[in-house]
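J.: Got a structure here, written out as structure tokens. Questions coming.
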């Protein structure tokens, strides 16, 4: 068992600093491990002994009848060095230090942090933290963390130099029913750095995209080398903050990170194939894009829209992001002419003005996808207009059944488009508004959840679809430039 | 009664082209007017006569026993000129032409459109459209529109050169419980232009912010003059599309608009005090900002955060947007020292690390707001941590009551911060995640609705709060530069 497996697939966990005081982290973390349903053996440790709930509390590590795979440490700063030493003496090789108050608060803390690593390494032990939120590994139902969020197993891995941002990412994924493979809050990175986890996750079969929140690097060259290798295996999507003086100062207070030059970092991203995004919304949207769509071969896009304005917004956004809104060739126009009304615009975006048949959206998508002249399709509006009508008509006694029927109809219409996308091996990216039957927003929520279960997503705004596609094109070109067929 | 009052406060409406065929716009618009609860007199007109539902259909305008204030026209293109002539002869002075197929489809259509205006003007009649979605005026319960959305009365006015984008804006406002004063879909603007409505709305007592979606100008100079006057009265927030060749081409197909140079337009915005935004998300967020907060005097911001990473994201975003994340002075730091734990960062953002008392958020906000050195506060995280605990504990039989209690607690904690904001006359802008008790997203929805009812809003991401504040600072500076105290 490698050291990383001890972090993410531990058969047993010791929690040093476990507490029965609900106001303390030693309680909340224990509570989260238990609530999360961890199936391995759990050993709370506190010199006071006794019980917390059903669990026996061990007075010291020595009393534990085995060598735990993982130790999670929440003891106060003054007791940290001793705790790590005891872990080492016990033979523990993987340790998460939640406790804060080290390099981020000043010189003395930094020196203690260095000693922490020295002690750990003298025993062949590796450390996550200090000053971190912990980690989760849903496949093992392990949620050794400060925050109260229990995502299901799924393809998204999160490496975050901020615990709270890491959990924001997880909660966002949960809200659309995407699950997580692993989350690591790296904290001050006294020993293991963000890039170590990127490397591990690039070979982790449960992870399909790696989302990173980065405040700064401890070793820029190593970061670059590792992510360059990782990005050839799966998308590495990254927010890098501390771009400004104010942000950089905040980052230093936060995790003692040195942010470095933004221009240099952009160069690093280009060369390492890192997909850089600029806020959390983009991070999520781009992540879903990679999970749900084949990679585009190039940047030529066909757009179909149920409304003119959305089409203009999308065309503008595409152009600004380097996507080519292709001029449609005569054969394409002629094929569209066969079922669109005489006065349609004969332009890209294909604007489905009033008068188009109800199944126009999938028909246009197929025509745009099957011709050589596009690499991707953006579809604005739901794939079946019937849904709006059924949900609008949901006020009667059988209203809930009608809404359920609309949901089924919606998901199956998306599924048909997904089949087209697979058939032609081109991404078809949706943005649409969902109906809100009876003013209840849960229809959208349920629809998004049902879509996510089949690796499908629908964005809410046209510029989001364009942004996601542009990032996918960028990544595809990177892979192609390194000789990888996409 | 002015011509604009006839559009927005009509005592009677004639619908030319009314239909009982559910597939036709002549049915759907009639249906929307009726569903919306219009309280004036409604006259469906169709040569076939008969009845649609409970309504008598008039065979011609002549048969209507009064001169309707407003005519809404949905007859096919070939019948338009005749219909407008008949409206003129009847003495109608305000007319909305929904029908499409004019300047946006070519030369012949453009010529017909010109004739349309000529005929209207010969009778002293004004036109909205053609090729538009109609208008709504919730204060009169008038929803003479193609789309199925019935927002309550409220402070947001929408002027849109795209009907579907206009309704996207309305639905977004509805989803957070903000109501609308008026919406105008201006279509091809054969007669009345977007700027005419901006002018009307700037004097409309029901409107507090004006949101515009603009594809192009028919008369740039006039647009500039009118919006310059309007922006001194209330915020005019605008998306301008057609910035790129692809977008511009799509806009021309859509409403025959000529987009013009983007650089020129940016200059126009600066000089006219227009608040320019770049996507619909920004449009909504900035609009809510103006509705909910006093204007900042300057660009100096204090940030309080419940998590380090969010603070870094906000500080970065503020700096990039020209806001100054002020260095906190010793008196401020000393006052914060009195209740924050010894290891707090003594920096801006004020990072409420573990160990701060539960009422720390409002206390820090008050300290940041009352000192001269800030013009605004950004608060990251909910104002009371108790909500998370109560909702997390909502699994038992009394779960729903606990969630209701949490909702009340949340709203009252926001209200207290709002009182501080009023006391010190500085905006306090929130971004936070909401708890999702039992996995049900409605808590957030209900909370946002309850907040909106008291003119409060909470953004979901730190960079959104920074963006909104930056736009408010820009507008405040514009007003100040024109001699207006803010």
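J.: Set the Förster radius R0 to 30 Å, insert the Cβ-Cβ distance between residue B:221 and residue B:85 as r into 1/(1 + (r/R0)^6), and round the FRET efficiency to 0.05. List each step's numbers first, then the result.
T.: Numbers: r = 32 Å, r/R0 = 1.06.
Once the sixth-power term is evaluated, E becomes 0.40.
J.: Next question. Rg over Rh of region B:151-292, using C-alpha atoms and the Kirkwood radius, what does it come to?
T.: A ratio of 0.93.
J.: Under the rule of -39500 (n - 2.57) per DSSP H run of 4 or more residues, summed and divided by the residues of the protein assembly as shown, what mean residue ellipticity at 222 nm is obtained, to the nearest 500 deg cm²/dmol?
T.: On the way: 34 runs with 422 residues, N = 972.
Result for the protein assembly as shown, helices only: -13500 deg cm²/dmol.
J.: Let me ask another. With labels modelled as points extended 7 Å from the Cα through the Cβ direction, what inter-label distance (nm, one decimal) is found for residue B:153 paired with residue B:232?
T.: My value for the distance between the label points is 3.0 nm.
J.: Using only Cα atoms, find the angle between the long axis of helix B:220-231 and the longest principal axis of chain B, and express it within 0 to 90 degrees, rounded to the nearest 10.
T.: Helix B:220-231 sits roughly 50 degrees off the main axis of chain B.
J.: Based only on Cα atoms, what Rg/Rh ratio does region A:147-206 have, Rh being taken as Kirkwood's radius? Each step should come with its number before you reach the end.
T.: On the way: Rg = 11.4 Å, Rh = 11.8 Å.
When Rh is taken as the Kirkwood radius, the ratio is 0.97.
J.: Using the basic label-point model (7 angstrom from Cα toward the beta carbon), what is the residue B:34 to residue B:415 distance in nanometres?
T.: 4.2 nm
J.: How many nanometers, to one decimal and shortest first, lie between the label point of residue B:34 and those of its other copies, if labels sit 7 Å from Cα toward Cβ?
T.: Ordered by distance, the counterparts are at 6.1 nm.
J.: Would you kindly calculate the translational diffusion coefficient of chain A, applying Stokes-Einstein with the Kirkwood radius from alpha carbon pairs, for 37 °C and a viscosity of 0.692 mPa s, and quote it in µm² s⁻¹ without decimals? Show your work: numbers first, answer last.
T.: Numbers: Rh = 24.4 Å.
The Stokes-Einstein estimate is 135 µm²/s.
J.: Using a 7 Å offset from Cα along Cα-Cβ at residue A:111, what residues in region A:189-222 end up with backbone N under 20 Å from the label point?
T.: Counting only backbone N, you get A:190-191.
J.: Determine which residues of region A:71-91 fall in the zone a paramagnetic label at residue A:122 would reach in this model, i.e. backbone nitrogen under 16 Å from the point 7 Å along Cα→Cβ.
T.: Counting backbone N atoms under 16 Å from the label point, the list is A:80-91.
J.: By per-residue mean of other Cβ atoms within 10 Å, what is the highest-first order of A:432-444, B:339-351?
T.: Details: A:432-444: 18.1, B:339-351: 20.7.
Highest to lowest by the protection proxy: B:339-351, A:432-444.
J.: Could you calculate the contour length gain from residue A:41 to residue A:373, that is, 0.36 nm times the residue separation minus the distance between their Cα atoms, to one decimal place in nm? Intermediate values should be presented prior to the final figure.
T.: On the way: separation 332, 0.36 × 332 = 119.52 nm, distance 5.79 nm.
Net length gain for the segment: 113.7 nm.
J.: Which whole-number percent of Cα pairs in the protein assembly as shown have a distance greater than 41 Å?
T.: Details: 197384 of 471906 pairs.
So the pairs more than 41 Å apart make up 42 percent of the total in the protein assembly as shown.
J.: Using the alpha-carbon atoms, what tilt in degrees (0 to 90, nearest 10) does helix A:399-424 show relative to the longest principal axis of chain A?
T.: The answer is roughly 90 degrees.
J.: For the Cα atoms of chain A, what angle does the longest principal axis make with the long axis of helix A:25-36, in degrees from 0 to 90, nearest 10?
T.: So the inclination is approximately 50 degrees.
J.: Shifting gears a bit: Normalised radius of gyration for region A:99-199, please: alpha carbon Rg relative to 2.2 N^0.38 Å, two decimal places. All intermediate terms of the calculation are to be shown ahead of the outcome.
T.: Details: Rg = 14.4 Å, N = 101, 2.2 N^0.38 = 12.7 Å.
Here the answer is 1.14, to two decimals.
J.: At q = 0.19 Å⁻¹, work out log10 I(q)/I(0) for region A:294-481 with the Debye formula, treating every Cα as an identical point scatterer and leaving solvent out; two decimals please.
T.: -1.30
J.: Distance from the Cα centre of region B:440-486 to that of region A:139-211, in angstrom?
T.: Taking the Cα centre of region A:139-211 as reference, the centre of region B:440-486 is 31 Å away.
J.: What is the spread of the Cα atoms of region A:30-165 along each of their three principal axes, largest first, in whole Å?
T.: 40, 36, 25
J.: Need one number: % antiparallel among DSSP beta bridges in the protein assembly as shown, to the nearest 5.
T.: Details: 16 of 118 bridges.
In the protein assembly as shown, DSSP labels about 15 percent of beta bridges as antiparallel.
J.: Apply 1/(1 + (r/R0)^6) to the Cβ-Cβ distance of residue B:205 and residue B:51, taking R0 = 25 Å, and write down the FRET efficiency to the nearest 0.05. Don't skip to the answer; put the middle values down first.
T.: Numbers: r = 39 Å, r/R0 = 1.54.
Efficiency at R0 = 25 Å is approximately 0.05.
Values quoted throughout were computed directly from the atomic coordinates according to the rules given, and no laboratory measurement underlies them. Model, not experiment: these values are computed from the prediction. Because the Cβ atoms are built from the backbone with ideal geometry, glycine has one as well, and the counts that use them run over all protein chains shown.
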